[in-house]
Structures are given as structure tokens and as C-alpha cells.
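See structure below.
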Amino acid sequence: MPIYICRWQNGNFSAVSARSRDHAILLLDEFGNAETCELFPVKDFMVHFRLKDEADNIEGTSPLELQGFGGEMLNMLYDRVYPVYAKACMEAVEAWTEDGPMPPEKVEGVLRRLNDALFAERTRQWGAKKQPAVRRFPRFPAQLSLAVTVARAGELAMLQGVSTDFGEGGIGGIVEGDLELGECVLLMISDSRLETQLEPRAQVRYRKDKNYGFAFFDVGPSEQAKVRQLCKRLVSG
């Protein structure tokens, strides 16, 4: 699958492996709404991490730290993701024309320009695009039988619930049990009127008490057709 780069409006970027741009947006929703951001596929993706020598805090559990990027990857980041900072770096190199170490006053000037460039990168896309006011897919009030299958300690557990709303992109409902945000589950959604059962894979995107929101992913054509049929039934009442 291709690798997509998402350049967030605050200057951060994420990399995600996804089948398509829409799939990348769905996966990136764990961090933010990528619909409003610069999002594009990349080639020659390479990132190197090193194993830490020792654990330095109890808050972070990752045993790795970033070592660096591949040459092509770094060039892409400079050219497309951080062009303002890239220009400041080039100007800093050009300013270093003398042999030997750079005088302290010049170092301070270069650092000031680099920090100004960082600030510009962090803010240059603020307000460039407004957040959408509505969901990608509308939700419709719906009271459907809902069962959630999730892995627990190496075994599968089924939690029972009932839906509160339904749409092409996901479902909301009340579930008796604990689920974690970002957790991937298998849903079983039953509609007695259509005498049909849906079994989409989904990710937990919202939680408040026993109220949960799920986003569908990896929905095949036949399952998607059933989802749309159910949406039509809900619209018509």
C-alpha cells in the first residue's frame, strides 16, 4: 500500500500506509481531521529509529527514538512540507562563507532566522481551510440491535448494545462494556425490518460513559450496498 503524508495546519506531519486517500483520512482521524489538510502519497519513504540506551521517563513507553530520514525523504520534506524552513537553511549555509567556526554573533543571527522560519511553518496554514461543519456522511436516528466483538486477553468477547444513530460512515450506540478509543472491533448490526445483518469492521472514535461512536473501515462492496440500503430505509422511515 502507498504511504501518505499529512501536513497538519500546526506544522506537524503524519505518515500512514493506506489503500487510498479516503482510507488515509479515515485512519488519520485518530489524530485529527485530515480532510482539511495537505495530504499526498510519497515514494522512497525511509525513516530510521534507534533503540534507546535506557528508559528515561515513565510517561513514554516507546523504546525507540528518531534517528533520521532517508535522503529522498528529507528532500521531499524540505521541498513540499517545510519550504519556508528549507529556504532559511539555505540562507544559513550561504552565510557561512568563512573558514573555521562561525562567530557567535552570526550564530545568533542564523538561529533567529531559523526560529522565525519554524514559527512561519507552524502558522502559515492557520485558517487556510475551514473545518467542515458536517460529517462526511450524515447520521440518521436508528434503534438497531448492536453487538461488538473485541479481543480481550487473547480471547474474543462480545458486548451487547443498541444503536442510537447510523450512517454510511459509522454508527453510534450504547454498549454494555468497556472499549478503548482507537480500538478495532467487529460489529454485528441487525435490522428486523429489512431482515438483514451487517458485520462491518470498525474503530472506536468516541466514548462518553456507555455511549460510543464507531467508524467503519475495510467495508467490501456487498457490505457497503447493505449499509446504503439500510440508510435509505432509515431516511424513508
Inset, instruction - Run the quick spin-label model on M158 and M1: label points 7 Å from Cα toward the beta carbon, then report their separation in nm to one decimal. - result: 2.8
Inset, instruction - Excluding residues fewer than 8 places away in the same chain, name every one of the aspartates and glutamates whose C-alpha is closer than 12 Å to that of K210. - result: E176, D178, E180
Inset, instruction - Could you give the size of the charge dipole of the chain about its Cα centre, using +1 on the Cβ of each K and R and -1 on the Cβ of each D and E, expressed in debye and rounded to the nearest 20? - result: 1280
Legend entry - In Hz, Karplus ³J(HN,Hα) per residue of the range 198-204 (6.51, -1.76, 1.60; θ = phi - 60°; x = Gly, Pro): 9, 9, x, 7, 8, 10, 6
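Any idea what the relative contact order of the chain is, in percent, if you count C-alpha pairs under 8 Å spaced at least 6 apart?
13
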Inset, instruction - For the range 31-39, take each phi angle, set θ = phi - 60°, evaluate the Karplus expression 6.51 cos²θ - 1.76 cosθ + 1.60, and give the result in whole Hz per residue in order, putting x for glycine and proline. - result: 9, x, 8, 7, 4, 9, 10, 6, 9
Inset, instruction - For the range 21-77 and the range 203-237, compute the distance between their C-alpha centroids and round to whole Å. - result: 29
Legend entry - Paramagnetic reach from W126 (point 7 Å along Cα→Cβ, amide N under 19 Å) across the range 34-52: 36-38
Inset, instruction - Rank the residues E199, E94 as a footprinting-exposure proxy: fewest other Cβ atoms within 10 Å of their Cβ go first. - result: E94, E199
Inset, instruction - Give, in nm to one decimal, the length gained when the segment between I174 and R19 is fully stretched (0.36 nm per residue of separation minus the Cα-Cα distance). - result: 52.7 nm
Inset, instruction - Provide Y4, Y78 in ascending order of the number of other Cβ atoms located within 10 Å of each residue's Cβ, fewest first. - result: Y78, Y4
Inset, instruction - Provide the per-residue ³J(HN,Hα) series for the range 166-180, in order, calculated from phi with Karplus coefficients 6.51, -1.76, 1.60 and θ = phi - 60°, each as a whole number of Hz, with x at glycine and proline positions. - result: 8, x, 4, x, x, 8, x, x, 9, 10, 8, x, 9, 10, 9
Legend entry - Label-point separation, M102 to V235 (7 Å along Cα→Cβ), nm: 6.0
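Read the figures in this text as sums done on the coordinates, not as results from a lab. Quick caveat: nothing in here was measured; it's all calculated off a predicted structure. Note that each Cβ is placed from the backbone with ideal geometry, even for glycine, and that neighbours are counted across all protein chains shown.
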